[in-house]
Amino acid sequence: MAKTFRLMIASATALAAAGSAPAALAESRAPADPAARSAAYAAIARLPAFEGVWQPDWAAVTRLRAAEGQAPLTPAARRELEAFHAAKEQGENLQTEGANCRPVGMPGVMRYPYPIEFIYSPGKVNIVIETHSQLRQIFTDGRALPEDPDLLFNGSSVGRWDGDTLVVETVGFSPLISLIEGLHPTEQTRMRERIRLAGPGQLAVETTITDPALFSEPFTTAMTYRLEPEWDLREYICQENNRDAADAEGRPSMDLGFDSLGLD
């Protein structure tokens, strides 16, 4: 957070001094020369056909949940999960903060029961997620991963093309999210995704999580999606008429939901 605050101050100072700096900043994100812009978009047309709306395959979700139960955990991580489930048995942690509309972060953001959409732009693959109206940005412009990343729900991602497969490296996860329900990331958590077309109208995403504090070996899971060419993403406002809110112990609490807004 401190890093972000410093960047905000630096940006504000630069804009005040430059006057017309906003236009210059906007131009720096894409080629300014018309020929270069044309070439950049022509290059996009040659990328694998990920663009479109994709719906998760729920048979794959069932297999993924089973795999999470067999995750190769370190003793410390196993104790953390056991404490979480013990509290659940005692009536706590019955619901996660998702009940209060807080997004789950990676990798769960790619596994909601709602569609996602891939959109290409020069030097970047954008994944729009209907749930919570989220956006993942995967930079493919050759930049390195940040050495001191801000801690974000979805982390910071860079990608590269390995043939027709998009290989994505992500670091910098907020401790508020869960990698598996009840298991939180550390500063050592790193994810690698391999995204590819598995067949006509089929997309496969293989996710490997490494963290020596949590996993005794790399933990890999797989998800598949089907293309829905006639679908559009819809607006998703979780807070509107939220009747599944939870209190601090994860117990259902209508006081935190829609009724607390004083609306009929």
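Numbers below:
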item: Residue, nearest to the chain's Cα centre (by Cα), within region 105-136, restricted to residues that are exposed (fewer than 15 other Cβ atoms within 10 Å of the Cβ) and within 25 Å of Tyr41 (Cβ to Cβ); result: Leu135
item: Filter pass, Val205 being among the β-branched types (Val, Ile, Thr), surrounded by 15 or more Cβ atoms within 10 Å (Cβ to Cβ) and out of contact with any helix residue (DSSP H, G or I) (no Cβ under 8 Å at 6 or more places or on another chain); result: no
item: Selection within region 28-69 - farther than 12 Å from Ser121 by Cα, in contact with a Lys or Arg (Cβ under 8 Å, 6 or more places away or on another chain) and among the hydrophobic types (A, V, I, L, M, F, W, C); result: Trp54, Val61, Leu64
item: Listing of helices (runs of 4 or more DSSP H) fully contained in region 1-67 that carry 2 or more residues being at pLDDT below 50; result: 2-18, 21-27
item: Unique residue being modelled with pLDDT under 70 and within 28 Å of Leu151 (Cβ to Cβ) when the list is Ala248, Ala222; result: Ala248
item: Among the residues listed as Thr165, Thr74, Thr140, the single one being under 17 Å from Arg196 (Cα atoms), among the polar types (S, T, N, Q) and more than 17 Å from the chain's Cα centre (by Cα); result: Thr165
item: Matching residues in region 68-94 - criterion: being in contact with a helix residue (DSSP H, G or I) (Cβ under 9 Å, 6 or more places away or on another chain) and at pLDDT 90 or above; result: Ala71, Leu73
item: Residue within region 221-228 that is farther than 20 Å from Ala49 by Cα, buried (at least 18 other Cβ atoms within 10 Å of the Cβ) and not charged (D, E, K, R) present; result: yes
item: Residues being free of Cβ contacts under 8 Å to residues at least 40 places away in the same chain and closer than 17 Å to Arg111 by Cβ - total across region 170-183; result: 0
item: Pairs where the first residue, in region 105-122, is under 18 Å from Ser156 (Cα atoms) and the second is among the polar types (S, T, N, Q), C-beta under 7 Å, 6+ apart; result: Gly105/Asn154; Gly105/Ser174; Met106/Asn154; Met106/Thr170; Pro107/Thr207; Val109/Gln134; Val109/Asn154; Ile119/Asn126
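The values are calculated or read from the model by the stated rules, or taken from the named source; none is laboratory data. None of these values were measured; they are calculated from a predicted model. Because the Cβ atoms are built from the backbone with ideal geometry, glycine has one as well, and the counts that use them run over all protein chains shown.
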